[in-house]
Amino acid sequence: MKIEYHSFLDKINYYSGLLLVLSLPYNYLIQSIFAFCFVISGFILTDVKQFRQSILQNLLFLPLVLFFIIHIMGLLYTNNLKEGLSDLQVKIPFLVFPIVFCCNNNTKLLKNFNTVLAAFLASNFIASLLCITRAFYRIYITVQHDPGATFLKVGSNFFFYTEFSFLRHPSYFSMYIIFSIIILIYFLKKNIFCETRIRKNFFYILIPFFALIVILSASKAGILSLYIILSLFIFIEIRKRLLLKIAFIAVIFLSFVWIFNNSRFLDIKNLIRHPELIKQHDDTSSASTRIGIFNSSKKIIIKNFFFGVGTGNVHDELNKLYLANNMFLEKEHNLNAHDQYLETTIEIGLIGLLCLIALLVIPFIHSIRKNNKLLFYFIIICAINFLFESMLNRQAGVMPISFFYCLLLKISNNI
């Protein structure tokens with residue numbers, strides 16, 4: 001009876017985890033429900049007698065938990081407790097997911113690891129199709145109601161940035177898609193779900209398709225991440241094929257030229273040529289805005305270097321400087337630091353920054369030792385995106401990062 005009960009809970013844990021992964025590009029409420037079921041079933045499956053031993057055997061999960069604990073400590077000196085508690089609520093997966101993965105075997109989930117990855121892949125493929133379908137539909141409606149409109153005239157509007165990526169902010173969606181590309185490459189290399197030639201060719205076609213989705217999403221972080229990840233893959237994976245390597249270097253160079261002629265990067269080029277334009281901007285996603293935010297963040301960090309301003313106090317402190325420096329657009333939109341390293345240092349100081357770096361460096365070293373390419377590229381994707389966005393401020397970043405961080409570490413420990 002006890003074995004049957006354990007098996008039943010294990011199935012609930014697996015299917016709720018699978019549904020959580022499927023829901024990641026979509027509704028937050030549904031995502032939270034599946035996450036709740038996954039965590040509760042995982043807690044019940046935890047062997048209390050083996051709890052201490054499980055913790056000692058899985059110390060790699062510790063930086064994630066410490067990151068959450070430091071944020072709790074940041075509540076002791078914050079001036080905005082309400083915002084601090086809200087921030088802490090978003091980051092709860094950093095505490096509960098490591099416990100669930102660390103303290104029970106997640107038997108069915110680990111046995112079906114590739115199915116979980118395939119579910120994430122399929123979910124992002126469907127999300128991509130939805131974005132494309134919606135864009136075409138909006139073009140059709142516009143052309144029907146405006147005789148002067150043509151597909152080429154209005155198409156660039158609906159296939160661009162937030163107009164295209166409507167399910168998630170382009171930065172988060174691009175991160176999901178780039179990890180999906182890594183999963184595809186992993187499947188093709190390991191010959192997983194590639195039993196037929198048709199499916200294998202379909203996987204090959206999906207790689208440039210997903211790359212196109214990243215470009216259409218027009219996230220600077222996403223485009224640069226894609227460029228860096230594919231460049232790394234080329235140098236690491238095909239180092240013995242000289243001619244192929246040379247051909248790919250040429251492609252990378254041409255891609256680099258294209259990136260900096262892309263409309264999303266033109267403002268950077270203009271700032272390099274005309275630095276006096278830094279304060280002249282009317283777009284919250286412009287390079288001028290980012291430079292202004294960086295300068296404001298730097299001033300706050302210098303004043304609160306060791307302990308930060310407290311959990312939940314980042315927006316208040318930034319808004320004070322926005323107002324003082326006549327950065328009215330930034331103040332109006334209540335913009336964050338747009339850099340996870342800066343955001344963490346502002347909020348919880350040097351200790352928090354070191355914990356964040358450890359959270360990336362420790363599993364990165366572990367992935368090299370274990371030759372776990374999925375974990376290796378996943379950490380690089382996170383590290384790059386942290387440079388351009390405060391990815392851990394929203395559920396769209398916290399949920400997938402904490403879940404796959406723990407899942408990939410668990411798998412790596414079992415290799």
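For this structure, a couple of remarks:
- Once region 89-121 is narrowed to residues that are more than 22 Å from residue 59 (Cα to Cα), in contact with a helix residue (DSSP H, G or I) (Cβ under 6 Å, 6 or more places away or on another chain) and at pLDDT 90 or above, the residue that is surrounded by the fewest Cβ atoms within 10 Å (Cβ to Cβ) is 90.
- Unmet requirement for residue 412, which otherwise passes all of (1) more than 19 Å from residue 182 (Cα to Cα); (2) surrounded by fewer than 20 Cβ atoms within 10 Å (Cβ to Cβ); (3) at pLDDT below 95: (1)
- Residue under evaluation residue 148, criteria (1) closer than 30 Å to residue 308 by Cβ; (2) over 22 Å from the mean Cα position of the chain (by Cα); (3) among the small types (Gly, Ala, Ser), criterion not met: (1)
- Among the residues examined, residue 129 does not qualify as out of contact with any Ser or Thr (no Cβ under 9 Å at 6 or more places or on another chain) and surrounded by 15 or more Cβ atoms within 10 Å (Cβ to Cβ).
- Applying the condition of being aliphatic (A, V, I, L, M) and touching a residue at least 12 places away in the same chain (Cβ under 8 Å) to region 306-336 and asking which residue is surrounded by the most Cβ atoms within 10 Å (Cβ to Cβ) yields 314.
- Residue 368 being buried (at least 18 other Cβ atoms within 10 Å of the Cβ), in contact with a helix residue (DSSP H, G or I) (Cβ under 9 Å, 6 or more places away or on another chain), hydrophobic (A, V, I, L, M, F, W, C) and without any contact (Cβ under 8 Å) to a residue 40 or more places away in the chain: no
- Given (1) aromatic (Phe, Trp, Tyr); (2) farther than 18 Å from residue 27 by Cα; (3) in a loop (DSSP other than H, G, I, E, B), number of the condition residue 136 does not satisfy: (3)
- Qualifying residue in region 156-168 (condition: assigned to a helix (DSSP H, G or I), surrounded by 20 or more Cβ atoms within 10 Å (Cβ to Cβ) and in contact (Cβ under 8 Å) with a residue 60 or more places away in the chain): no
- Those residues of region 382-398 which are in contact (Cβ under 8 Å) with a residue 60 or more places away in the chain, assigned to a helix (DSSP H, G or I) and surrounded by fewer than 22 Cβ atoms within 10 Å (Cβ to Cβ), in sequence order: 384, 387, 388, 393, 395, 398
- Filter result (in contact with a Leu (Cβ under 8 Å, 6 or more places away or on another chain) and under 17 Å from residue 129 (Cβ atoms)) within region 167-212: 167, 173, 174, 176, 180, 181, 184, 203, 206, 207, 210, 211
- Residue within region 187-208 that is closer than 26 Å to residue 30 by Cα, modelled with pLDDT of 90 or more and not acidic (Asp, Glu) present: no
- Enumeration of residues in region 340-354 that are of a type outside the set (Val, Ile, Thr) and either crowded, with 21+ Cβ neighbours inside 10 Å or free of Cβ contacts under 8 Å to residues at least 12 places away in the same chain (or both): 340, 342, 343, 347, 352, 353, 354
- Among (1) at pLDDT 90 or above; (2) of a type in the set (Asp, Glu); (3) surrounded by fewer than 16 Cβ atoms within 10 Å (Cβ to Cβ), the one test that residue 83 misses: (3)
- Residue 189 meets all of the listed conditions (1) charged (D, E, K, R); (2) part of a helix (DSSP H, G or I); (3) over 21 Å from residue 381 (Cβ atoms) but one, namely (3).
- Test: residue in region 30-38 that is over 27 Å from residue 192 (Cα atoms), surrounded by 15 or more Cβ atoms within 10 Å (Cβ to Cβ), at pLDDT below 90 and touching a helix residue (DSSP H, G or I) at 6+ places or on another chain (Cβ under 8 Å): no
- Filter result for residue 142 (without any contact (Cβ under 8 Å) to a residue 60 or more places away in the chain, in contact with a His (Cβ under 9 Å, 6 or more places away or on another chain) and assigned to a helix (DSSP H, G or I)): no
The values are calculated or read from the model by the stated rules, or taken from the named source; none is laboratory data. Source: prediction; values computed, not measured. Ideal geometry is used to build each Cβ from the backbone, glycine not excepted, and the neighbour counts take in all protein chains shown.
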